[in-house]
1. Using a 1.4 angstrom probe on the protein heavy atoms only, line up Tyr183, Tyr31 by accessible area, largest first.
2. Calculate how steeply helix 23-35 sits against the longest principal axis of the alpha-carbon atoms of the chain, using the helix alpha-carbon long axis, and give the answer as 0 to 90 degrees to the nearest 10.
3. Kindly write out, for region 124-134 in residue order, the coupling ³J(HN,Hα) from the Karplus curve 6.51 cos²θ - 1.76 cosθ + 1.60 (θ = phi - 60°), rounded to whole Hz, with x marking Gly and Pro.
4. For Ser173, Ser113, Ser49, give the ranking by accessible area with the largest first, probe 1.4 Å.
5. Quick one: which residues, 5+ away or cross-chain, put their amide H under 5 Å from the amide H of Ile141? H built at 1.01 Å from N.
6. Report the net charge of residues surrounding Val21, where surrounding means a beta-carbon distance below 13 angstrom and charges are Lys +1, Arg +1, Asp -1, Glu -1.
7. What does the charge count near Cys58 come to, summing +1 for each Lys or Arg and -1 for each Asp or Glu among other residues with Cβ under 10 Å from its Cβ?
8. Per residue of region 111-118, in order, report the coupling 6.51 cos²θ - 1.76 cosθ + 1.60 (Karplus, θ = phi - 60°) as ³J(HN,Hα) in whole Hz, putting x for Gly and Pro.
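The values are calculated or read from the model by the stated rules, or taken from the named source; none is laboratory data. In this text, all values refer to a predicted model and were calculated from it rather than measured experimentally. As a convention, Cβ positions derive from the backbone with ideal geometry for all residues, glycine included, and neighbour counts pool all protein chains shown. Areas reflect the complete protein model, heavy atoms only, side chains present, ligands, DNA and RNA absent. Shrake-Rupley method; radii C 1.70, N 1.55, O 1.52, S 1.80 Å.
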Amino acid sequence: MDVYEGPVQALIDELGRLPGVGPKSAQRIAYYLLKAAPEDANRLAAAISEAKASVSWCRRCFNIAQGELCRFCRDERRDPTVLCVVEEPRDIVAVERTHEFRGRYHVLQGAISPIEGIGPEQLRVQELVRRIGDEEVQEVILATNPNIEGEATAMYLARLLKPIGVTVTRLASGLPVGGDLEYADEVTLGRALEGRREVDA
Ligand SMILES: [Zn+2]
């Protein structure tokens with residue numbers, strides 16, 4: 001049974017749906033917002049509304065974009081022959097920090113996870129295959145996370161993409177296993193990129 005009524009419970013419920021926010025944190029954030037000055041709470045509400053209204057997915061690589069294409073797809077200096085495939089837009093931030101990559105990206109918007117009922121059809125896999133056909137892609141770097149879901153996704157993509165005739169590579173080992181790309185420091189991730197190996201699938 002819910003302890004609070006109406007809007008307060010609704011706020012706690014919504015906060016509790018955020019990733020990494022459990023019921024206790026949701027309550028704590030809700031109290032904080034209720035005690036906060038109205039302008040502070042309204043600024044947060046406005047930031048959410050504005051971000052949702054003005055930002056969408058890049059129609060080419062599914063990164064976050066303001067407008068049709070993200071800044072990496074708009075940048076003509078980026079090498080269109082190398083595609084770095086990542087799970088989430090935040091992984092692009094991690095790869096960019098290494099200054100080792102000058103190609104383009106493709107964001108899957110998740111990873112294959114049978115437990116959560118996420119298969120390839122829930123990810124931007126078809127769009128990736130289409131891009132390889134339409135664009136001048138020669139190498140696909142599978143930069144999914146070094147955990148079970150990320151490895152499963154990389155193996156699936158390697159089997160799918162190799163017959164198309166592109167070189168498929170995977171980040172070298174050395175990344176902290178079980179973690180997310182975004183937690184790897186830029187030196188380690190940079191080395192893993194540089195030492196990437198062709199996948200045999
Ligand atoms: Zn893009």
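1. Values: Tyr183 170, Tyr31 95 Å².
Correct descending sequence by accessible area is Tyr183, Tyr31.
2. Helix 23-35 sits roughly 60 degrees off the main axis of the chain.
3. 8, 7, 4, 5, 5, 4, 4, 4, 5, x, 8
4. Numbers: Ser173 105, Ser113 5, Ser49 75 Å².
Largest accessible area first, the residues go Ser173, Ser49, Ser113.
5. Counting only residues 5 or more places away or on other chains, the set is Leu83, Cys84, Val85, Thr169.
6. Numbers: positive: Arg17, Lys24, Arg28; negative: Asp13, Glu14.
Its environment carries a net charge of +1.
7. Working: positive: Arg59, Arg60, Arg71, Arg74; negative: Glu68.
The answer is +3.
8. 9, 5, 8, x, 4, 8, x, 9
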